[in-house]
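Any read-out appearing in this document is the output of simple, stated calculations on the displayed coordinates, not a laboratory observation. Just so you know, these numbers come straight off a predicted model, no measurement behind them.
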Amino acid sequence: MGTAVVVVVAALGVVNLLFSFGVIRRLREQAEQLDRLAGGRVQDLFTPATTDGAGLAGFAADTVTGDRITDSTLGPRYLVAFFSPGCSACTVQLPLFVAQAGQPGGPRTDVLAVVVGPEADAGEYVGALSAVGQVVRQDDDSHLARSVFGVRGFPAFAVVEDGRIVAEGTAVAELGLTPVS
C-alpha cells in the first residue's frame, strides 16, 4: 500500500509539472504577441484626449511644500512625471528622471512630479523628486494623474508644450530630451 501511494503522488507531481510548463509556455507566447502588437512599448500611456491635440484641462494642486501649482505656473513647456511607490519600474526610473531633470541651483519650476500612493510609502520618492522640481503627492484616486492627464500606468513621463502632450513614455529616455551634463 505504501508503494502505491508513493507512485500515485509521484505521478500527480509529474502531471502537475507538465501542466505548469504548459501554462508558462502559453504565457510567454501571449507576452510575445502583446509585444509585437505594441511595437515593444506600452501604447496609449495617456488617454487619447490628452494626446490628440485637444489639450489638457486646466488644473491646480498643492505641492508637498504647501505651494499652489497650476498649469499656468508651470509655463508653456514643462516635464511631468508620474510615479507610484511599490512599482518596480518606477524604482528603476526614479534616479534616471532625477538625473535628467536635475540642474545646479535647486528645483526647477518647469518640472512637475506626481507621486500617486499612500503618504507613508511616498517618502523616498518625494525626497528625491523635491530636489529637481515641484512635487505633488496624491492618493490612489489622484485627480491630477487620472482625470487631468489620463494616466493609465506607472511610471509615466511626458513633455507638455502649450497644454498638449508632445512626447510621452514609460522611460525617461523615450522622451528624446537632451541629457543633462
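Quick one: Karplus J couplings for the stretch 57-73, per residue in order, coefficients 6.51, -1.76, 1.60, θ = phi - 60°, nearest Hz, x for Gly and Pro?
The phi angles translate into 6, x, 8, 8, 8, 9, 7, 5, 8, x, 6, 8, 10, 10, 4, 7, 6 Hz.
If amide H atoms are built 1.01 Å from N in the plane of the peptide, which residues on other chains or at least 5 residues away come under 5 Å of the amide H of residue 167?
Under 5 Å from the amide H of residue 167 lie the amide H atoms of 159, each far enough along the sequence or on another chain.
Just the number, please: percent antiparallel of the DSSP beta bridges in the stretch 48-175, rounded to the nearest 5.
Of all bridge pairs located within the stretch 48-175, approximately 60 percent are antiparallel.
Rounded to whole Hz and in sequence order, give me ³J(HN,Hα) for the stretch 117-130 from the Karplus expression 6.51 cos²θ - 1.76 cosθ + 1.60, θ = phi - 60°, writing x for Gly and Pro.
Working through the residues one at a time gives x, x, 4, 4, 9, 8, x, 4, 5, 4, x, 5, 6, 4 Hz.
Shape verdict for the stretch 48-175, please, from the Cα gyration tensor: rounded (a/c under 1.5), prolate (a/b greater than b/c) or oblate.
In terms of gyration-tensor shape, rounded.
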